[in-house]
Amino acid sequence: MSLSKRVSFWSVEEVLEWVQDQYPTHMSTLQKAIIKHAISGRALLRLKDHHLELLGVEDEEQQQEILQDILLLRVQEEINELNDLCSECFSS
């Protein structure tokens, strides 16, 4: 999935697409939880290990893998925000 759109603006459908790309073998558990709880991109960025457990991801290794990928998304989001700020500063 392309990260051309900021993660914080992802819809539930786009989160589902990302999960499908990242974790095709765990999709059924995650898909139900994402739809049930309407996990948007903004909510995805805020997920912690206890949230994953509540969403049905009980395996600690899988939780860590997902949290690492979410951390990468957070970093990308921060970079995008900084780029936006810099471009606003230079265009003024």
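Here the 3J(HN,Hα) profile of region 62-78, calculated from phi with Karplus coefficients 6.51, -1.76 and 1.60 at θ = phi - 60°, is 5, 4, 5, 4, 5, 4, 5, 5, 5, 4, 4, 5, 4, 4, 4, 5, 4 Hz, Gly and Pro shown as x.
All other residues with a Cβ under 11 Å from the Cβ of Gly56 taken together, and with Lys, Arg as +1 and Asp, Glu as -1, what is their net charge?
Once positives and negatives cancel, what remains is -1.
Figure legend: label point modelled 7 angstrom from the Cα of Asp84 along Cα→Cβ; residues of region 44-68 with amide N under 19 Å from it are 44-47. Each stretch of four or more DSSP H residues adds -39500 (n - 2.57); spread over every residue of the chain, this sum gives -23000 deg cm²/dmol at 222 nm.
Annotation note: trypsin sites (Lys or Arg not before Pro) in region 42-92 located in DSSP loop regions with a Cβ neighbour count of at most 13 within 10 Å are Lys48. With respect to the chain, whose longest principal axis is taken over its alpha-carbon atoms, helix 27-37 is tilted by about 70°. Other residues lying with their Cβ under 13 Å from the Cβ of Glu78 contribute a combined charge of -1, Lys and Arg counting +1, Asp and Glu -1.
Please build a GNM for the chain, connecting alpha carbons under 10 Å apart, and tell me which residue among Val12, Val57, Val75 fluctuates the most. Of Val12, Val57, Val75, the Gaussian network model singles out Val75 as fluctuating most. Against the chain, whose longest principal axis is taken from its Cα atoms, helix 12-22 shows a tilt of about 70°.
For the chain, what does the relative contact order come out to in percent, with C-alpha contacts under 8 Å and a separation of six or more?
Computed value for the chain: 30 percent relative contact order.
Take 28-35, 78-85 and order them by the average number of nearby Cβ atoms within 10 Å per residue, most first; the result is 28-35, 78-85. Per-residue Karplus couplings for region 48-59, computed as 6.51 cos²θ - 1.76 cosθ + 1.60 with θ equal to phi - 60°, are listed in order as 10, 4, 5, 5, 4, 4, 5, 7, x, 8, 8, 5 Hz, Gly and Pro entered as x.
Coordinate-derived values only; no laboratory data. Owing to the predicted nature of the structure, the values given are computational and were not obtained by experimental measurement. A quick note on method: Cβ atoms are made from the backbone with ideal geometry, for glycine too, and the neighbour counts reach across all protein chains shown.
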